[in-house]
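Inspection log for the structure reproduced underneath, given as structure tokens.
Nothing in this text is a laboratory measurement; each read-out follows from the coordinates by a stated rule. These figures come from a predicted structure and were not determined experimentally. Note: ideal-geometry Cβ built from the backbone for every residue, glycine included; neighbour counts use all protein chains shown.
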Amino acid sequence: MAAVMGPKAHGQSDVDTILAALKEILVDELNVAVPIERIDASSSLQDLNMDSVAMIELISAVEARFDFAFFDSDLVPSTFASLRALSEVIAERSRSRTQP
Amino acid sequence: MSTTRSRKVFEFGTDNYLIGAFTDPPYARATVGAVIAGMGIAEVRIARTLANLGIVTLQFREREEIDDWKTAFNTRGVDNFRESLELLHEKHGIERFICVGNCGRGSSAFRIAVDDRRVTGLILTNPHISPALTIKESYAKRLSSFASWKQLLTGKANLRYHLPNVRLLVMSLLTRVARISEKALIDQSGHNQDATMPDRFDERAAHLVRRGAKVLMAFSENDEGLTYFRRLYGQSFERLEAMAGLSIELLPTTTHVPSHDNAAVSALVSMVDRWARASGFVAEPPASDSKPHAPGLSVRALQPAAARFLERRSPRPSSRPSRMFERRADR
């Protein structure tokens, strides 16, 4: 895995790092049939031809990779509107996990 | 913060026709199980909400389904619920169930509840008492809509989507002329009866609640199913008022599929949480076993399922929205 999220995730660079990790998950674990170079921050799950089963797999893979559980309130359609939106939620959860 | 996590999906049922995903309660022993048809965001949230109350949940979907709402009318809806109940019983020893479904899947959930006394809870979102009459309501609105006519005249209407409905409307007219029943219409229209509420909904619902079942019906505002339901049972459902055990609530959205709308998802899970607590489905965590657990069920993992679905479905240009989203745009 090229991108590893540490416990001190902060700011834009962390969102970019998470985005890179998300692309790896999509390509390596979920075998999304879109070349990695065509996946960008604005890609939605629909752009990646992902259905609801793949979305559940993505949730499960993200929780395993980043070692947290989404807040229930995170699981709304807007979180999955783009990979950037999803990355921002993951960054937020990583931050709240490390704050005392 | 949620204490539950979604688990990997797996295949099950006859010929592995179904895809499932368990969501476990944060403590070990659940006595109530929920079978949830569908895997959209709303269903994931319902699964987690119920799991946090101590209810083990199984979400399922048909293997060949591609989030296209029309396929809901071509499925073996009641059998799917039956097989899912049996899996929960087999793997978790569950004897009390809640069944959950949207639209036609809600009708299948209602039918299995009528058939199987182990089903003591029902959550139905936008159930259609009558698809035929609901479609008539929908097209009556479209006929007076400038946007619909513009869509048709500029060639942007999805005729493949509309043709079966037009066929059903024509048949509806014929049944009126020939004075045959709506049931016969549904039989002939290609709509699966599993996706249709049975005749005499109110009598059957009354029977369910008399035997102790709790029912939550949630309608999106302005949903055609709601319009027709109000016509049958009153603007405030007053003709169903005497039915203790039946709760009817409105979702703050016009979207037929709650998964499409943040506010609808949030409102729905709040309703489900309140309803499950009020209905006595909440399991108290055992004092000696309050730690989260990870049950090791022997179900065949499906990873990487996404790739297999995509292989079946390709080629589909990534720029083309799914039918589900086209439908949302229609509304």
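Here are the numbers:
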read-out	value
Linear extension gain, B:V170 paired with B:R211, 0.36 nm per residue minus alpha-carbon span	10.8 nm
Per-residue mean of C-beta atoms belonging to partner chains within 10 Å, peptide A:54-67	5
Long-range HN-HN contacts of B:A34 with modeled amide H, under 5 Å	B:V56, B:T57, B:L58, B:I98
Inter-label distance, nm, simple model (7 Å from Cα along the C-beta direction), B:R96/B:A147	4.5
B:D116-B:E241 pseudo-label distance in nm [points 7 Å out on the Cα-to-Cβ vector]	3.6
Interchain or long-range residues, amide H under 5 Å from B:M217's placed H	B:L124, B:S247, B:I248, B:E249
Too-long pairs where the Cα-Cα distance tops 26 Å, listed order kept, from A:K23/B:K91; B:K91/B:K214; A:K23/B:K8	A:K23/B:K91
